[in-house]
Amino acid sequence: MKAAFFREEWLDKANQLLPNPADRAIFYEMLMQRAFGREVEQCNNPIVVAMFAMAESAIAADIAKYDAKCE
């Protein structure tokens with residue numbers, strides 16, 4: 001995949017639940033790593049991990065739609 005959708009709700013929730021900018025950056029990095037098929041680094045912050053787990057299913061669906069469209 002050469003592009004990925006980033007949902008506004010992810011930004012809003014990250015701002016709300018992750019007041020530390022470093023934690024938000026880790027969350028965003030994890031999203032991009034997953035979207036572009038790179039190895040997702042592990043994180044010890046349970047809120048970041050939970051938010052990523054919820055967003056990851058949407059990313060997986062986007063990848064599946066993209067793959068189907070390319071075939």
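The values are calculated or read from the model by the stated rules, or taken from the named source; none is laboratory data. All figures in this text were calculated on a predicted structure; none of them were measured in a lab. All Cβ positions, even for glycine, are placed from backbone atoms using ideal geometry, and neighbour counts span all protein chains on display. Just so you know, the surface numbers come from the protein's heavy atoms only, side chains and all, with ligands and any DNA or RNA stripped out. Shrake-Rupley method; radii C 1.70, N 1.55, O 1.52, S 1.80 Å.
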### Query
Tell me, what is the FRET efficiency for S57 and N20 to the nearest 0.05, using R0 = 30 angstrom and their Cβ-Cβ distance as r?
0.75
### Summary
Share (percent) of C-alpha pair distances in the chain greater than 19 Å works out to 31
### Query
Residues of the chain: accessible area per residue at 1.4 Å, in Å²?
71
### Query
What's the angle, to the nearest 10 degrees (0 to 90), between helix 46-70's Cα axis and the longest principal axis of the chain?
10
## Note on the structure
Rounded to the nearest 500, the 222 nm mean residue ellipticity computed for the chain from DSSP H runs (n ≥ 4, each -39500 (n - 2.57)) alone is -23500 deg cm²/dmol
### Summary
Taking protein heavy atoms only, a 1.4 Å probe, and rounding to whole percent, the accessible area of the chain owed to carbon and sulfur comes out at 56
